[in-house]
Amino acid sequence: MTTSVATAQTLDAEAISRISDHLDEADWLRSLRGEWWARASATPPPTGDEEEWRRTDLAPLPRQGELLVDAPEVAISLPGGAAEAGVVVSDLRAAVRDHPDLVQRWLGRSQGQASHAHFWALAQAGWTGGLFVHVPRGVAVDGTIVARTVLDRNDVTYLPITLVVAEEGSSVTVLDEVVSPDGGAAWYGGIVEIRAEQAAHVRYANLQQLGDAAWNIGAQRVVVGQDATVTTLNAEVGSRVTKLGLDVDMSGKGGTSRLLGMLAAGDDQHIDINAHQGLAADHTTSDLLYLSALYDRARAAFYGVTTVEVGTKQTASYQECRNLLLSPKAGAEPIPVLEIMANDILRCGHGATAGAIDPAQLFYAQSRGLDPDAAERMIVRGFFEQVVAQIGDVAIRERVLAALARRIGSTEGMA
Amino acid sequence: MTDELVISGLEVSIGANKILKGLDLTVRQGEIHALMGPNGSGKTSLAYTLMGHPDYIVDAGSVTWRGQDLLALPPDKRAKLGIFLAFQYPSAIPGVTVASFLRNIYNAIHHPKPDDETGETSIKYTGIPLAKFRKLMEEKMALLKMDPSFATRYVNEGFSGGEKKRLEMLQMAIVAPQMAVLDETDSGLDIDALKNVADGINATLSPEMGVLMITHYQRMLNYVKPQFVHVLLDGRVVMSGGEELSHQLEANGYDWVRQQVGLPAGTGDEASAPEPVSSH
Ligand SMILES: Nc1ncnc2c1ncn2[C@@H]1O[C@H](COP(=O)(O)OP(=O)(O)OP(=O)(O)O)[C@@H](O)[C@H]1O
Ligand SMILES: [Mg+2]
């Protein structure tokens, strides 16, 4: 059965309430959607003049695709023992049905990054699927939760929400994958919220393999509690355009975040990342490392802002964005910005590079019998090692490398 | 005639600089040749040209290996025919471990993926089994007295000069070439390392392997004995002899060679070749 409520273009308050009708939702959720719709309407979409939006033209964003209201269930694989320990991992619609109190407590509670506020609000109002992960206090989930969304349509607008909540002292590892077919210009507007409460440990990997004409307009918000640790990995492989806002709120004293990214793009792909690392509490640490391998005419922009808030003590942060240009027509524009408003900092730095492979390296590898493609593949794989080495979870590492192989080639035989 | 590397009338330039001006040299499999010459005389240029470095342009002459025109081939094809170059300045490959690199180059030369294999079959290609390769690598590392921890380090990244040279020799031992050009493999090695590396070279040598050893020092030649010694000057091999020639060079310097062959005395630059180690 397919139901049509609206396209992105015709979305209005009535259409939003038709989503609630269709999903047979309780009043709290109806009014929550309504509130977010009001915010989406009150927050105009970016004009392109904003620093964060200068590098991505939104005019061609496909707005005519129908909102996907019968989204496929998220396929979930849950490590043994997790369910018994009270961990909830489920498709967001099912979670609303089965754990309404829990979802109500956490869903739609935080504001998105200012630059992405419109799209954040749009997804909060118009979501029709997604992933819900809740780990109760003190529970450590052994193994990897894998959640896979396989879209079978490439002509729709889909605005899912991933919500991961790790309560005090808990620990969890999540791989969140999305795949869609090549060809059609779909709008994928997934948003992600990760909350690590006091002393929780969260490892979250997002593997994006959208179809080659898809527009991926995403936003992620990470809230790191006191003494909590969060590692996020964004592996961007698919889509025609990816625009991602990444907002990290380090408001819990002693919290740590590691933000890793691996981008492999070719053809006419365009990837534009806006990161914000907000160091708002004492003794917080936030390190970002984004690596891109760019082929053909692919372009990658990175605009990252680190904010060290007034009065904070002993914070440590770094942003590093490195781009390997594998074609003379590929381009990268990494722009790190530091806004330091505190005196007592441990460290705050940045590094940005963009360049081709050193020809001496290529010759060295070729002189050992590797043909130019194999030599390049090996060097690119080596380039990504800086991030790969930080992915402790074997299941995630293997899936991400397999996905990346679509672009960078197989690195089989590289032990 | 099919077991030899024949360089004849080789002229090579880089940019507007003519570096080799008609160089002749023949190295047969099973022979060890030493090539000596002042700094900047073109030894590395010759080595790079033999391996197919794209910056070195061959203006005239020929290089054949077992009767086949080497100059027509890209570097990887030359390597697959058994040619090996130990670099004077090896490159670092960040993020690629020594073990992974060695396995890749071993596979490239000894277990190449068949050209016609695409799709499914090519995806299944994995080359030498991991356990078998590990054994080979550990054996060769022991031969060169290398610490096993080098296997997990990234290729040449943060390696000392001497460690880089040892890794070059480890690569040579792993791929077991038929013709090896060693470009100052002895430079930068401490006294014990020189002995270890020389032992490693001697253990890698076989009657099927030819060696062209570029060196400034007599000391290496005490360990790896050459049957032939050549002097490169003014873009040509101007003098050749037996092992005794290296002793004469050490005693008399390159101006003596210039006098002998009727070349003007060298510039200060060339004369200040690295200090030779006194022979015993
Ligand atoms: N890329 C280059 N561009 C310009 N000149 C070059 C280049 N490479 C080499 N040369 C020049 O070619 C000449 C030969 O250099 P080469 O490295 O072959 O000497 P060499 O005999 O190996 O010296 P050394 O004993 O110091 O290693 C030198 O004058 C050098 O400056
Ligand atoms: Mg040299």
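The values are calculated or read from the model by the stated rules, or taken from the named source; none is laboratory data. Just so we're clear, the structure is a prediction, and the values are computed from it rather than from any experiment. Glycine also receives a Cβ, built like all others from the backbone with ideal geometry; neighbour counts cover every protein chain displayed. Note: areas computed on protein heavy atoms with side chains; ligands, DNA, RNA excluded. Shrake-Rupley method; radii C 1.70, N 1.55, O 1.52, S 1.80 Å.
Values computed for the structure shown
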item: Residue in the stretch B:2-13 that is within 14 Å of ligand 1 (Cβ to nearest atom), within 18 Å of A:Ser367 (Cβ to Cβ), at pLDDT 95 or above and within 14 Å of chain A (Cβ to nearest Cβ) present; result: no
item: Filtered residue count, the stretch B:158-217, keeping only those that are assigned to a helix (DSSP H, G or I), away from ligand 2 (no atom under 16 Å from the Cβ) and more than 28 Å from B:Asn107 (Cβ to Cβ); result: 6
item: Residue, nearest to B:Leu10 (Cα to Cα), within the stretch B:229-268, restricted to residues that are outside any helix (DSSP H, G or I) and of a type in the set (Asp, Glu); result: B:Asp234
item: Number of the exception - B:Ile128 against (1) modelled with pLDDT under 70; (2) surrounded by 14 or more Cβ atoms within 10 Å (Cβ to Cβ); (3) hydrophobic (A, V, I, L, M, F, W, C); result: (1)
item: Matching residues, the stretch A:253-268, being part of a loop (DSSP other than H, G, I, E, B) and open to solvent by 10 Å² or more (accessible area, probe 1.4 Å); result: A:Lys253, A:Gly254, A:Asp267, A:Asp268
item: Residue that is of a type in the set (S, T, N, Q) and open to solvent by less than 10 Å² (accessible area, probe 1.4 Å), where the choices are A:Thr149, A:Thr157; result: A:Thr157
item: Pairs with Cβ under 7 Å, 6+ apart, first in the stretch B:20-47 and over 14 Å from B:Leu5 (Cα atoms), second more than 14 Å from ligand 1 (Cβ to nearest atom) and in a loop (DSSP other than H, G, I, E, B); result: B:Ala34/B:Pro226
item: Residue, farthest from the other protein chains (Cβ to nearest Cβ), within the stretch B:152-193, restricted to residues that are within 16 Å of ligand 1 (Cβ to nearest atom) and of a type in the set (D, E, K, R); result: B:Asp186
item: Residue match in the stretch B:110-118 (condition: modelled with pLDDT under 95 and either away from chain A (no Cβ under 14 Å) or within 16 Å of ligand 1 (Cβ to nearest atom) (or both)); result: yes
item: Filter result for the condition that a residue is open to solvent by 50 Å² or more (accessible area, probe 1.4 Å) and closer than 29 Å to B:Gly127 by Cα, over A:Ala405, A:Ala389; result: A:Ala389
item: Selection from the stretch A:313-331 of residues that are surrounded by fewer than 23 Cβ atoms within 10 Å (Cβ to Cβ) and more than 28 Å from A:Ala356 (Cβ to Cβ); result: A:Lys313, A:Gln314, A:Ala316
item: Enumeration of residues in the stretch B:14-48 that are among the polar types (S, T, N, Q), farther than 13 Å from B:Val211 by Cβ and more than 9 Å from ligand 1 (Cβ to nearest atom); result: B:Thr26
item: Qualifying residue in the stretch A:286-297 (condition: open to solvent by 30 Å² or more (accessible area, probe 1.4 Å), within 30 Å of B:Tyr89 (Cα to Cα) and modelled with pLDDT of 95 or more); result: no
item: Unmet criterion (only one of (1) open to solvent by less than 10 Å² (accessible area, probe 1.4 Å); (2) in contact (Cβ under 8 Å) with a residue 40 or more places away in the chain; (3) under 18 Å from A:Ala185 (Cβ atoms)) for A:Arg240; result: (1)
item: Candidate set: the stretch B:96-106, residues that are open to solvent by 10 Å² or more (accessible area, probe 1.4 Å) and either at the interface with another protein chain (Cβ under 7 Å from one of its Cβ atoms) or in a helix (DSSP H, G or I) (or both); chosen: the one nearest to B:Leu5 (Cα to Cα); result: B:Tyr106
item: Cross-chain or 6+ apart pairs with Cβ under 6 Å, the stretch B:62-74 first and in contact (Cβ under 8 Å) with a residue 12 or more places away in the chain, then outside any loop (DSSP other than H, G, I, E, B) and among the small types (Gly, Ala, Ser); result: B:Ser62/B:Ser8
item: Some residue of the stretch B:21-33 being within 16 Å of ligand 2 (Cβ to nearest atom), within 10 Å of chain A (Cβ to nearest Cβ) and surrounded by 19 or more Cβ atoms within 10 Å (Cβ to Cβ); result: no
item: First in the stretch A:1-27 and free of Cβ contacts under 8 Å to residues at least 40 places away in the same chain, second anywhere and aliphatic (A, V, I, L, M) and open to solvent by 50 Å² or more (accessible area, probe 1.4 Å), Cβ under 7 Å, 6 or more apart; result: none
item: Condition check for B:Ala86: within 16 Å of ligand 1 (Cβ to nearest atom) and open to solvent by less than 10 Å² (accessible area, probe 1.4 Å); result: yes
item: Subset of the stretch B:34-79 that is within 16 Å of ligand 2 (Cβ to nearest atom) and surrounded by fewer than 16 Cβ atoms within 10 Å (Cβ to Cβ) - its residue that is nearest to the other protein chains (Cβ to nearest Cβ); result: B:Asp55
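Yes or no, residue by residue, for (1) among the basic types (Lys, Arg); (2) open to solvent by less than 20 Å² (accessible area, probe 1.4 Å); (3) without any contact (Cβ under 8 Å) to a residue 24 or more places away in the chain; (4) touching a Lys or Arg at 6+ places or on another chain (Cβ under 6 Å):
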{"position": "B:Asn196", "(1), (2), (3), (4)": "no, no, no, yes"}
{"position": "B:Ile201", "(1), (2), (3), (4)": "no, yes, no, no"}
{"position": "B:Val211", "(1), (2), (3), (4)": "no, yes, no, no"}
{"position": "B:Ile214", "(1), (2), (3), (4)": "no, yes, no, yes"}
{"position": "B:Arg219", "(1), (2), (3), (4)": "yes, no, no, no"}
